[in-house]
Every structure is written in C-alpha cells, then in structure tokens.
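The values are calculated or read from the model by the stated rules, or taken from the named source; none is laboratory data. Fair warning: this is a prediction, and the values are worked out from it, not measured in the lab. With ideal geometry, Cβ positions are generated from the backbone for all residues, glycine too; neighbour counts draw on all protein chains shown.
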There are 2 protein chains.
Amino acid sequence: MILTVTLNTALDITYRVRELRPHGSHRVSEVTERPGGKGVNVARVLAALGHEVTVTGFTGGATGRELQSQLAGTPGVLDALVPVAGTTRRTIAVVDELTGDTTQLNEPGPTVTSAEWSTFQKTYESLLPGVSAVALCGSLPPGLPVGAYAGLIRTARTAGVPVLLDTSGEPLRRGVAARPDIVKPNTDELAELTGSHDPLRGARDTRRRGAHTVVASLGAKGLLAATPEGTWQATPPTHIPGNPTGAGDAAVAGLLSGLLEDLPWPTRLTQAVALSAATVLAPVAGEFDHSAYEELLGRVTVTGETNAA
Amino acid sequence: MILTVTLNTALDITYRVRELRPHGSHRVSEVTERPGGKGVNVARVLAALGHEVTVTGFTGGATGRELQSQLAGTPGVLDALVPVAGTTRRTIAVVDELTGDTTQLNEPGPTVTSAEWSTFQKTYESLLPGVSAVALCGSLPPGLPVGAYAGLIRTARTAGVPVLLDTSGEPLRRGVAARPDIVKPNTDELAELTGSHDPLRGARDTRRRGAHTVVASLGAKGLLAATPEGTWQATPPTHIPGNPTGAGDAAVAGLLSGLLEDLPWPTRLTQAVALSAATVLAPVAGEFDHSAYEELLGRVTVTGETNAA
C-alpha cells in the first residue's frame, strides 16, 4: 500500500468552448470532471499501474462530497480523506476548441483550522504502519503552518516509511531540511530553493540541504537524478506533442513504483520519463495510455555515472 | 400559492478575478453560488415580497442536489422539482474586479427523456389545483418538444389558473398561440416574434396572435403593457447604474404579485418597474433592496390610456 497526501485537494473541471472571449457569453460544449490535486493524480496513475493506494488530505462541502463520490469509482484507490468545515476547491480549465489553449480559474479552497490539522496528523500517523511509501504533494491550503510537510516527513521517518516530497517555495525549503528520501522539484523550484539555474548544481546543493535523493524534472528534457549512488539524466525521444497537465504527477508515480520494486536508478528514471511522456500524449489530461507507455520505455535515453565506491 | 416552472434550472456561480486574460491562470478571490434559472429567480423575489411560492422543473446529479440544498434554505420557497437522470447545469459568471465586466460560461444542462417529461407533466397537473397563478420561465432544455410551454399553458387554462409566459423563439411563438394570460418578451424577442421593431405595434400584434396581455420589457426604459383595458408605459427615474442580471425576473415577480392582488395595470407596472430597478441597484446580482424598492415606487412615471368602453 502506498499513501499519497494531498492537503489541497480539488475537483478538476474541464470546459470546452469554441474560443474564450473576455466579457462574452459562452456555451460550454463539453464538461468533464475528475478528482484532483497532485497527490490524487499520483494515486490514480499508481492504481493504473496495479498498485494499491490510499489517498488522504482534506475534503469539505458539496465539492468534497462529489470528489469522494468520484474517487469511490476509481479501482485500487482507497479514500482516507479527513473532513473539514470549509468547501473543497474547484479548478476550471477552459479549453479553446480552435487552438487547444487553456485558461485556468482556481478557487481558493478551504481554510484549515488548527483542530482540523491536528485530526489530520493523527489520521496520517495511524495510516503509516500499513504503508510501504508515502508521497506528500502540492501546495498547502490557507491555515496550515509553513512547516507542515517538514513535520509529516519527520513522522514518516520515525515510522520507517520512505517519503517523497513534491512541493515548492518555503514548504519545500523546510521539507528538504527534514531529510526526505526523494524530492522532485522542477527547474524553477530548484532555482528558487538554491539560487542556481544549473539543475545539476541545484540538485547537488539540495542533497547537501538534507534530501537523500533529488529528482529534478526538466520539462520536455526529462528527469535528472542526483542520488547517493550516482547521477543520471533520462530523456524522452524527441518532442512529445500534447497536454503536459499531470506529466509531473505521472513522474512521481513512476518514481514511487520504482522505489517499491527497488529498481536501479536508471530503470526507475526510464519508467518515470516514459509514464510522463505517455501522459502528455493521452487525449484526456492526466491519464496515460498503457500501450504508449510500453512503447516509450524502449525509447528513453539514460546518460550518467555511478559514483566511485 | 404561486407556481413557477423552470425547465432549465441552474446553479449560478459567480467568480471574482482581478482581470480575465485568455490562456492565463487566475486565482478566484471570491466564490458565490445560488439556485438559478429564470423561474427560480422569480420565486426568490416573490418570496422576498411575502408570497408563498412552489418551484418546479427538473433537477439532476450533484449540481441538482446542491441547488435543492440551497433552495431548502430559502424561506417561503417550496421545492417540487422533478428528478432527471442527467446533471443540472452550472453557469459561471467571471467578474473582473478592475472593470466589473462579466464573462459568462454556461454548461449545456441535461437532456430530458420523454418519460421524464411525462412525469413532469403529471406533477405540474397535480400542483395546479392549489395555486393562484403560474409562471413558465426560460429556455427549454434539450429533449423537450418545442410546444412544451403551449401544452403547459393549455393545462393551466383548463384548470382555471392564470398563466404568465417568459421565453423566446419558437417556444414563445407556440406558447402565444395557446392563449396565455400574460407574456413578457423583451424588445428583441418581440421583434423576432412579430417582425416589428416598434414595441407598441409588436405588443398589439402579439395580442392578436393569442396573448391576453403583453408586457414588453424595454430595458432601461421600463415596461410597456398592451392589455384589454388599455395601453400603458412605466418608466424608471433616470438611468439606474448597476447589474441588470435578474431585472427581468424581478419584473415578472412584480407582474405576478399585481395579478394576485388584482391591482389596476398602472399600479402593477409601477411595482414591476420599481422592483426591476431595485434589483439593478442591489450589490448582489438578482437580489433587491427593500428600501430602494419603496423609494423607487414613488419615482416611476406611468403614461398611457384606458381603452374606450
């Protein structure tokens, strides 16, 4: 069982319109909805890979009920969300049919009280003994302490459960200092954390700050891993056309899957990059195509070196 | 008891953003929601005026449940909505904080099956004996026959219940031929129906087509009524600044209220125009300010004449 934590869950709604014109009136031709927030997306990919996953985080109001009802229909995903008095946020992606361009509207989400945060921490601690890895994903909702992820990392380490962190800004900085097993920043997040725009230098600096392994996502250029065993970069074949929504979450799912199977790093990176590319290629944002994934596995290039013993 | 029919109910959501930019990402600073669709708006104004109102129409899915939960919190409004398998639509109004301009996104709403339409007709017929007036409001959802309103008008007339129709296009044309007591087109709807851009000429023509009384809404210029007793125009004082959303629905509520009290037409029109203007002035779209309404009642101008006996 893998546990994913999404403190800022969302119901992700996609609208198709002909072309968004400010101050106009638009008939939405198609509405799709799915449970969202980074950790929920990671859980869906892990479940599609055949893993059992528990999702926790917060849920509230009518939108939270709808999110939970849709999660209940996702095979392999168990719901351990903690109720809050506020209302779970919606995100609306308005896709222009003419160009495929997307306009994003994000609701603010509930403010979490300190009592709700305490309840969450107890739930999290009670779930840890049954899990083989935990992923902490996404932004913090209003009301939570900036060191929230750092605390959750320490609790996981005390329980002996490996922990992956995927967040940004000050929660990332504090989280890295709590010594997580893996952090997965993108190049912007890495530069903000370390001040370096060179991903390799930034990744190595992040390891010195406390992270055991750093896997930096380089967008279309794949993943760069700085680990105790060595340094590798995995690159997808050519440019992959499509929708990059959820590609980072698919990479996190690939890294967790490789962690559980204790695969060598070059293999883990290959799987994560292929999953990420298969997600970009998929017609539905955040889903991935199994046959595209299998085919892409053979076309990912890995370069790098094992550290001297 | 007044009955309002909203065949295309909606959950009306308003988002405030700094400024909507196509293909950008926006943080929504404020989210408000209320039950919507024209007949639901009319019911809310009638209830605020002290009338008992029953709302019927269709409801479905998670959005329908949320709409009904919010309706249950509206004093004076009874819920007699008929369940459908599809999902009630959301409408999203994105308001720019900088300019107050609004961008509208309207979901398509459920397709109503012929079995669901039959169930609705039976519910409607069973409600009629207990009501003193019925209002048929708004567009038809996919799946309904274009003569849907015409049928509902005939059923109301058979039951001896006065009926007001507020719709457009072919449903209006068919509805007028079924001889409703009042129709309330705007100038565009009147021109489409009759081919005349002169509201007085159009209103008189609409009477010849079957409507007992025609009340045309002239936007900021008020209301024009062509009735068996005479012809009147009621005009609000100067230009009313504000949000015109729901002003037409407030006018319908005023006309129904005046019908129940059997007020002379000039008084009915005065009340309807004052309600409409008080709705434009209100800070929340579709609500109205009681003290503004009372004050505006004394400032509406009515011109016109009683027919020769």
Those residues of segment A:136-149 that are part of a loop (DSSP other than H, G, I, E, B) and surrounded by 15 or more Cβ atoms within 10 Å (Cβ to Cβ) come to a total of 7
How about segment A:110-122: which of its residues are assigned to a helix (DSSP H, G or I), polar (S, T, N, Q) and loosely packed, with under 14 Cβ neighbours inside 10 Å? A:S114, A:S118
The condition of being within 14 Å of chain B (Cβ to nearest Cβ), in contact (Cβ under 8 Å) with a residue 12 or more places away in the chain and over 28 Å from A:R27 (Cα atoms) holds, among A:P141, A:P129, only for A:P141
Filter result (at pLDDT below 90, over 19 Å from the mean Cα position of the chain (by Cα) and of a type outside the set (S, T, N, Q)) within segment B:238-264: B:H239, B:I240, B:P241
Select, from B:T32, B:T103, the only residue that is touching a Leu at 6+ places or on another chain (Cβ under 9 Å), modelled with pLDDT under 95 and not small (G, A, S). B:T103
Subset of segment B:294-308 [at pLDDT 95 or above and among the hydroxyl-bearing types (S, T, Y)]: B:T301, B:T303
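Can you spot a residue in segment A:37-47 that is surrounded by fewer than 18 Cβ atoms within 10 Å (Cβ to Cβ) and either among the polar types (S, T, N, Q) or away from chain B (no Cβ under 12 Å) (or both)? Please lay out each step first, then the result.
Let us first name the residues in segment A:37-47 that are surrounded by fewer than 18 Cβ atoms within 10 Å (Cβ to Cβ), namely none.
No, segment A:37-47 contains no residue that is surrounded by fewer than 18 Cβ atoms within 10 Å (Cβ to Cβ) and either among the polar types (S, T, N, Q) or away from chain B (no Cβ under 12 Å) (or both).
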Return a yes/no flag: does segment B:71-88 have any residue that is more than 10 Å from every other protein chain (Cβ to nearest Cβ), at pLDDT below 95 and surrounded by 18 or more Cβ atoms within 10 Å (Cβ to Cβ). yes
Would segment A:7-18 turn up any residue that is touching a helix residue (DSSP H, G or I) at 6+ places or on another chain (Cβ under 7 Å), touching a residue at least 12 places away in the same chain (Cβ under 8 Å) and over 22 Å from A:L127 (Cα atoms)? yes
Are any residues in segment A:1-33 charged (D, E, K, R) and either at positive phi or within 13 Å of chain B (Cβ to nearest Cβ) (or both), and if so, which ones? A:R16, A:R18, A:E19, A:R21, A:R27, A:E30, A:E33
Condition first: surrounded by fewer than 18 Cβ atoms within 10 Å (Cβ to Cβ) and either within 14 Å of another protein chain (Cβ to nearest Cβ) or closer than 23 Å to B:R65 by Cβ (or both). Now tell me which residues in segment A:48-64 satisfy that. A:G61
Tell me yes or no: at least one residue of segment A:56-69 is assigned to a loop (DSSP other than H, G, I, E, B) and modelled with pLDDT of 95 or more. yes
Any residue at all in segment A:46-62 that is more than 22 Å from the chain's Cα centre (by Cα), over 28 Å from A:E294 (Cα atoms) and among the hydroxyl-bearing types (S, T, Y)? no
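So which residues in segment A:156-168 are in contact (Cβ under 8 Å) with a residue 24 or more places away in the chain and either more than 22 Å from A:A253 (Cβ to Cβ) or in contact with a Cys (Cβ under 6 Å, 6 or more places away or on another chain) (or both)?
A:D166
If you scan segment B:95-109, which residues turn out to be at the interface with another protein chain (Cβ under 7 Å from one of its Cβ atoms) and in contact with a Pro (Cβ under 9 Å, 6 or more places away or on another chain)?
So in segment B:95-109, the residues at the interface with another protein chain (Cβ under 7 Å from one of its Cβ atoms) come out as B:101-108.
Selection gives B:D101, B:T103, B:P108.
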So which residues in segment A:269-309 are under 22 Å from A:W232 (Cα atoms), within 21 Å of the chain's Cα centre (by Cα) and without any contact (Cβ under 8 Å) to a residue 40 or more places away in the chain? A:T270, A:Q271, A:A274, A:A278, A:Y293, A:L297
